[in-house]
Structures are given as structure tokens and as C-alpha cells.
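The values are calculated or read from the model by the stated rules, or taken from the named source; none is laboratory data. Quick caveat, the model's predicted, so the values are computed rather than measured. All Cβ positions, glycine included, derive from the backbone under ideal geometry; neighbour counts span all protein chains shown.
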């Protein structure tokens, strides 16, 4: 891909964002896997929707990158939208591929192990915690 193609793609992605916001523009179609790019040796996170009752984020992971062990007081739905990932919940490993998702229960120990490049959507529901 040449520099012109890269700039056009970046402008298209940025045009999907609402003015003065990190959330995506409402009421228009988005190609989710194109909203976020891979960055060498990094995990990139972009917010799609952020509300007091929960949020939806899209994440890209470069090869060798993951998330360290954590727990959350809320249920989280993780869906792989490109590539393959290993998600470990309470020491039980699950390999997920594009189109597959898993619910990470509230208060469960979990982490994402590096397993090549991949993109995922993370949906956190804060029901009852408004």
C-alpha cells in the first residue's frame, strides 16, 4: 500500500468519528475491522460508545502483545473480529477465532495471551451500577 492509499484510509477512518469526540458517528454504517489499525509492538484501543451503563471498545493487538491478568466488577463480552486469540478465564484457556466471542464473568481473573495479530470488540455491561 502506498502513502496515498494509507492517508486516504486514515482520513476515511477519522471521518467516522464524531466531531470533538472519540466515539463513532451515530446513524451511519461502519466497517469495524477498518476503524482500528495495527501498530508495531502495541495494543491499540478505540472507544465506539462510552456510557455510564457500559462501553464498547475495539482493540488491535500486534504479534506478541496481550493484556496482563486482571479482574473486573462487570461482565465483559469479548468478540474476535480478525485473527485468533487466546483468552484465559480463571486459568481455563479458550482459543477464539474471527466471529467467536466469550463472556468474561464479573470478578473472574482473566488475561489475553499473545497469539499473533488480532482485533476484538470488548463490550462491558455495568447494569445496576449507574
Checklist entry - Can you name the number of the only condition in (1) surrounded by fewer than 17 Cβ atoms within 10 Å (Cβ to Cβ); (2) at positive phi that residue 101 fails? => result (2)
Next on the checklist: Going through 35, 13 one at a time, which residue ends up being modelled with pLDDT under 50, within 26 Å of residue 116 (Cα to Cα) and touching a helix residue (DSSP H, G or I) at 6+ places or on another chain (Cβ under 7 Å)?
Outcome noted: 13
Checklist entry - With the stretch 61-130 as the region, which strands (runs of 3 or more DSSP E) entirely inside it contain at least 3 residues that are under 15 Å from residue 33 (Cα atoms)? => result 75-89, 118-125
Item to check | Residue match in the stretch 35-54 (condition: touching a strand residue (DSSP E or B) at 6+ places or on another chain (Cβ under 8 Å), in a helix (DSSP H, G or I), closer than 19 Å to residue 123 by Cβ and in contact (Cβ under 8 Å) with a residue 12 or more places away in the chain) | outcome: no
